[in-house]
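Trainee: My questions all concern the structure below.
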Amino acid sequence: MPKKASKPRWTLSQEEAERLIVELKDAVEHYVVMPSPGEQNCEFHVEAQESDDSFVISLFRGKLNTERHMISARIAESGIQLMRLCVNGTPHPNPKNTVPDPGRTHLHIYREGFDDHIAYPVDIESPNFVEDTILLLDKFHVIRKPDFQEGLEGTI
């Protein structure tokens, strides 16, 4: 069944979203402990190198399927989500007349008028939570990344 069209939650221009995504950033924290399966609210912060913009990177790992994980980047002040990488997630349709539906592994990128509802397929053959986190940080132009450490359940 096709997804019902929804109204955008956020009012960020496409030009501003693209500027925020491509500006160079550095992690605030020097190290991050990867979340254990099912752990929520694991976050760290990144700041733009040449502006006052700050962002939050959120990490989630599935409890039942530990190869399922999500990494997202949002604006700290407004909570607007700019990018979200879903690995082995639930397939879902894209809004009508946009791009073909993604598979279980896909990347959401903010698009004016659609928020983060449009997802693009991503080819990740052997999902590794740390490597996938670094992949999203690279796409989000985070230059200085934190060191990632194993969580209680062994996430690396």
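Trainee: Go through (1) within 14 Å of Gly79 (Cα to Cα); (2) at pLDDT 95 or above and name the single condition Ala48 misses.
Mentor: (1)
Trainee: Right, something else. If you scan the range 95-117, which residues turn out to be touching a residue at least 60 places away in the same chain (Cβ under 8 Å) and assigned to a strand (DSSP E or B)?
Mentor: Within the range 95-117, Ile109, Arg111, Asp115 qualify.
Trainee: Could you say which residue among Ala48, Ala27 is of a type in the set (A, V, I, L, M, F, W, C) and over 16 Å from the mean Cα position of the chain (by Cα)?
Mentor: Within the list Ala48, Ala27, the selection yields Ala48.
Trainee: Please count how many residues of the range 44-73 are loosely packed, with under 15 Cβ neighbours inside 10 Å and either touching a residue at least 40 places away in the same chain (Cβ under 8 Å) or of a type in the set (D, E, K, R) (or both).
Mentor: Of the residues in that region, 5 qualify.
Trainee: Only one of these conditions is not met by Arg104: (1) over 23 Å from Phe55 (Cβ atoms); (2) in contact with a helix residue (DSSP H, G or I) (Cβ under 8 Å, 6 or more places away or on another chain); (3) basic (Lys, Arg). Which number is it?
Mentor: So the condition that Arg104 fails would be (2).
Trainee: Just one of the numbered conditions (1) among the hydroxyl-bearing types (Ser, Thr, Tyr); (2) part of a loop (DSSP other than H, G, I, E, B); (3) over 18 Å from Arg61 (Cβ atoms) is not true of Tyr120; which one?
Mentor: Going through the list (1) among the hydroxyl-bearing types (Ser, Thr, Tyr); (2) part of a loop (DSSP other than H, G, I, E, B); (3) over 18 Å from Arg61 (Cβ atoms), Tyr120 breaks only (2).
Trainee: Being more than 18 Å from Asp132 (Cα to Cα) and in contact with a His (Cβ under 9 Å, 6 or more places away or on another chain): is that true of Ala76 here?
Mentor: yes
Trainee: Can you name the residue in the range 1-45 that is of a type in the set (Ser, Thr, Tyr) and over 18 Å from Glu131 (Cα atoms) and is also modelled with the highest pLDDT among such residues?
Mentor: Ser13
Trainee: Let me ask something else about it. When you check Arg74 against the structure, is it under 13 Å from the mean Cα position of the chain (by Cα) and of a type in the set (D, E, K, R), yes or no?
Mentor: yes
The values are calculated or read from the model by the stated rules, or taken from the named source; none is laboratory data. Source: prediction; values computed, not measured. Backbone-built Cβ (ideal geometry, glycine too); neighbour counts: all protein chains shown.
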